[in-house]
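Student: Structure below; questions to follow.
Quick note: the coordinates plus some simple rules give every number you see, no bench work behind them. What you see is a predicted model, and the numbers here were worked out from it, not measured in a lab. In this analysis, Cβ positions are derived from the backbone assuming ideal geometry, glycine residues included, and neighbour counts consider all displayed protein chains.
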Amino acid sequence: MKKSLSCFMMAALSFTALLSASLHAQSIWLDRSHDKTLGLEVLRPNFKTADNDAVSGFAVFLSMRAPLSKQLHFVGELPFVKSNFESSSIFFRSGSQSMIGNPYLGLEIGRQDSPLFGEFGIRLPIASEDKFGAALVGFLTDFDRLEAFIPNALPITGMLNYHHRDASGFALRLRGSPSLLINTGGEDAELFIGYSAQAGYESERLRLLGGLTGRANLTEEEADFSERSIHQLGFNASFGLGKIRPGFHFRLPLDEDLKDSLDSVFGFNLGFQL
């Protein structure tokens, strides 16, 4: 049954209050097999609202990866989100907002031919406190990078990645990522853990990948694991066309906290080799 805009807002607020920081920096779904790359991701959510209400929007992530040495790469990301709210309720005003989110700056450590590599990074807290509608759409569109749109927050993230691809093209990707969220507004810091597992086929011309991503709040003491964690299924396909690699995403929420507000997320990505 479709929910009203007020129910959508309350469900979304409950979700973001429990899981108020993301654990992933750059998207795990994208190709990172080349030294110098620029990337564009556009994600469009399909929200649940009543017939007389509407919530829509999209999130954009511009990213880059550049070598500093044989075992060290700089990675950066600039997020942007736009929201549209149309409501028949006297409690919520219709309108649209757009916002530049918190930029990510990180270092990737590991050889290009190694299946193991790590990453350490932070997001600069520049997101506006006055763009709640835009931030809310950003939260729910990509909860793996939800901290990209949180105001007054300085997330510090470490990641360990495993990426295996054999001669047949079978690929396996695993990631674990602890994250510390420092609240610049004076609230207590919070600790989170992120995890993901993906499998599929990879070659220079075709890449098909599906799997599970999840995250949990380790400092929430009054909730069990199911209440302080959230998960989604995802699928990504991309196609190598010389130095350009277009692709698309599709994601489905698995937990009721997210499914109450969101049906699915669809998007496309475009990578450029420099």
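Student: In sequence order, what are the phi-derived ³J(HN,Hα) couplings for the stretch 213-229 according to the Karplus relation 6.51 cos²θ - 1.76 cosθ + 1.60 with θ = phi - 60°, rounded to whole Hz, with x for glycine and proline?
Tutor: With coefficients 6.51, -1.76 and 1.60, one gets 10, x, 7, 9, 8, 8, 9, 7, 8, 9, 9, 7, 4, 5, 7, 10, 10 Hz.
Student: With everything on Cα atoms, drop me the angle between helix 5-18 and the longest principal axis of the chain, reported from 0 to 90° to the nearest 10.
Tutor: Roughly 50 degrees, rounded to the nearest 10.
Student: Further, regarding this structure: So for the stretch 175-245, considering every pair of alpha-carbon atoms, how many percent are separated by more than 20 Å?
Tutor: Every Cα pair in the stretch 175-245 considered, those over 20 Å come to 51 percent.
Student: Label points 7 Å out from Cα along the Cβ direction at residue 78 and residue 272: separation in nm?
Tutor: The modelled label-to-label distance comes out at 1.2 nm.
Student: Would you kindly work out the equivalent ellipsoid of the stretch 5-273 from its C-alpha gyration tensor and give its semi-axes, the square roots of five times the eigenvalues, largest first in whole Å?
Tutor: Semi-axes from the Cα gyration tensor: 30, 21, 18 Å.
Student: Another question, if that's okay. Rounded to the nearest 0.05, what FRET efficiency is calculated for residue 252 and residue 124 with R0 set to 25 Å and r the Cβ-Cβ distance?
Tutor: Using R0 = 25 Å, I get an efficiency of 0.20.
Student: I've got another one for you. At most 12 other Cβ atoms within 10 Å and a DSSP loop assignment: could you name the chymotrypsin sites (Phe, Trp or Tyr not before Pro) in the stretch 82-156 that fit?
Tutor: 91
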